[in-house]
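Since the structure comes first, as structure tokens, the remarks are kept for the end.
Any read-out appearing in this document is the output of simple, stated calculations on the displayed coordinates, not a laboratory observation. Bear in mind that the values here come from a model prediction, so they are computed numbers and not experimental data. Because the Cβ atoms are built from the backbone with ideal geometry, glycine has one as well, and the counts that use them run over all protein chains shown.
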Amino acid sequence: MEKVKIALIGAGQRGKDSYGQYALEYGERVEFVAVAEPNEIKREEFSKQHNIKEEYQFESWEELLNKDRFCDAVVIATPDDMHFQPTKLAIEKDYHILLEKPISNDPGEVIELGRLAKEKDNVILVCHVLRYTPFFSTIKEIIDSGVIGEVQNIHHSENIGYFHFAHSFVRGNWKNSDESSPIILQKSCHDMDIFLWLTGERCKKVDSFGDLSYFTLENRPEKATDRCVTCPVEKDCPYSAEKIYYPNIGRWPTTVITETQTKEEVKKSLEEGPYGKCVFGGCNNNVMDHQSTILEFEDNITVTFNLSAFSNKVHRTTRVMGTLGEIIADDAINEIEYQVFGSDQKTVINPKVVAGGHGGGDTGIMEEFVSLILEGGEGLSSMEKSIESHIMSFAAKEAMDLGQAVEMKKYYKKF
């Protein structure tokens with residue numbers, strides 16, 4: 001069988017552990033033949049896992065992409081503010097591309113990459129992996145079957161999880177929107193994409209409200225210190241770094257804070273690094289810890305979307321209300337229930353479980369990426385389809401900043 005040969009740009013948690021893992025499990029279909037990663041430990045680990053030759057191990061994406069095209073595709077999993085330039089050059093060099101979301105943290109760059117992608121026949125997918133999960137695919141199938149009639153309204157919540165929010169959006173890589181992306185883009189362009197897919201309609205208007213109200217210096221407990229390892233009230237704090245990281249040595253999220261997964265190295269990281277800091281001040285965080293967004297779609301469909309740090313579990317809950325019935329779904333328990341109006345019967349579905357992150361979505365999008373390269377055809381997603389969800393996210397941020405709703409047609413014209 002012909003293999004797809006791929007170069008990885010960015011061997012972090014997503015690149016190495018999600019997309020790289022697929023190649024280790026399905027080596028008959030795909031092979032990573034090069035890597036660009038500035039962190040020597042991560043670069044060497046990925047190279048060893050995939051038997052990458054020394055001459056194809058690069059410290060930077062520039063080194064890799066300055067070479068003549070030497071493989072079929074690139075997976076781009078760099079930080080949010082480093083997507084545009086490598087993607088632009090990869091498009092120009094005729095690579096097939098799998099790009100980690102967001103496309104860019106700048107709306108003008110998003111539009112520009114979309115324009116460049118239209119000029120090529122190559123496969124260019126953005127990692128909107130929720131489309132590829134059995135969970136959301138099943139919801140889409142129920143809607144498309146017509147059993148609940150015409151969709152009128154969707155209530156959807158992204159419950160980030162108190163520990164996940166503290167890890168990623170207070171202490172971690174996405175704590176400051178000026179350095180990465182607004183949370184409505186970085187975390188929730190997934191959800192915006194799902195709304196477009198489930199409704200099958202374009203978005204007309206967006207309004208949004210949110211704040212960073214809790215993870216601030218004003219809310220630091222009395223006697224608390226700058227670091228959890230020295231804090232006298234640490235044992236009473238659910239956001240304690242010691243509670244979050246020590247029990248998870250060898251797996252996420254502790255794998256993010258240090259390359260060496262030992263108690264000694266984790267302790268050193270908590271004593272010296274950003275992941276040991278008190279969440280109440282000192283982390284230079286500015287992203288919203290809760291945000292509510294209202295969206296109006298064509299065909300008079302409305303969506304209410306809530307994202308919040310303040311949940312016990314990391315999960316999404318979805319309620320789809322149609323003219324003939326409704327769907328209630330919770331991905332934490334992998335359960336979808338729908339009921340037709342006037343009937344006492346409820347149908348409960350537990351979608352199949354697929355290995356891989358994001359409920360099997362990471363596996364699903366890699367399968368499609370490889371299949372489209374080898375066999376052609378039209379996929380569930382594309383760069384063009386992904387652009388609108390990004391612009392919706394930017395518009396939601398603008399609506400919140402301005403304190404008024406944003407009309408999508410007018411917002412597009414700005415770019």
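If packing is taken as the average count of other Cβ atoms within 10 Å, what order do 76-85, 14-23 fall into, highest mean first? Present the calculation step by step, with values, prior to reporting the outcome.
Working: 76-85: 19.8, 14-23: 21.7.
Top of the packing list down: 14-23, 76-85.
About the Cα centre, and with charges only on the beta carbon of Lys, Arg (+1) and Asp, Glu (-1), how big is the dipole of segment 221-276? Nearest 20 debye, please.
For this selection, approximately 160 debye.
Return the calculated 222 nm mean residue ellipticity for the chain, to the nearest 500 deg cm²/dmol, obtained by summing -39500 (n - 2.57) across DSSP H runs with n ≥ 4 and dividing by the residue count.
One gets -9000 deg cm²/dmol as the mean residue ellipticity at 222 nm.
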> Which values, in whole Å and largest first, are the semi-axes of the equivalent ellipsoid of segment 327-415 obtained as the square root of 5 times each eigenvalue of the Cα gyration tensor?
Replying inline: 31, 26, 13
> For the pair Lys352 and Leu89, what calculated FRET efficiency results from E = 1/(1 + (r/R0)^6), where r is the Cβ-Cβ distance and R0 = 30 Å, to the nearest 0.05?
Replying inline: 0.20
> Where nothing but the Cβ of Lys and Arg (+1) and of Asp and Glu (-1) is charged, how large is the charge dipole of segment 4-127 around its Cα centre, in debye to the nearest 20?
Replying inline: 300 debye
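Could you work out the mean projected area of the convex hull around the alpha carbons of segment 4-127, in square nanometres to one decimal? Don't jump to the answer; show the numbers that get you there.
Numbers: hull surface 27.3 nm².
Spelled out: convex hull of the Cα atoms, projected over all directions, averaged, 6.8 nm².
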>> Testing the spin-label approximation: label points 7 Å from Cα along Cα→Cβ at Glu264 and Glu298. State their distance in nm.
In response: 6.3 nm
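Taking the alpha carbon gyration tensor of segment 13-68, what are the square roots of 5 times its eigenvalues, largest first, to the nearest whole Å? Before the final figure, lay out each step's value.
Numbers: eigenvalues 68, 33, 20 Å².
Those come to 18, 13, 10 Å.
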> Could you give the semi-axes, largest first, of the ellipsoid that matches segment 221-276, computed as the square roots of 5 times the alpha carbon gyration tensor eigenvalues and rounded to whole Å?
Replying inline: 20, 11, 8
>> List the GluC sites (Glu not before Pro) within segment 295-380 that DSSP assigns to loop and that have no more than 13 neighbouring Cβ atoms inside 10 Å.
In response: Glu378
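Can you compute the charge dipole magnitude of segment 280-415 about its Cα centre, using +1 on each Lys and Arg Cβ and -1 on each Asp and Glu Cβ, nothing else charged? Give it in debye, rounded to the nearest 20. Don't skip to the end; give the middle numbers.
On the way: 11 positive and 20 negative charges, 82 e Å.
The dipole of segment 280-415 has a size of about 400 debye.
Per residue, how much space in cubic angstrom lies within the convex hull of the C-alpha atoms of the chain?
Values: hull volume 62.7 nm³, N = 415.
Normalising the Cα hull of the chain by residue number yields 151 Å³.
Neighbouring Cβ atoms within 10 Å as the yardstick, rank His155, His164 fewest first.
The order, fewest Cβ neighbours first, is His155, His164.
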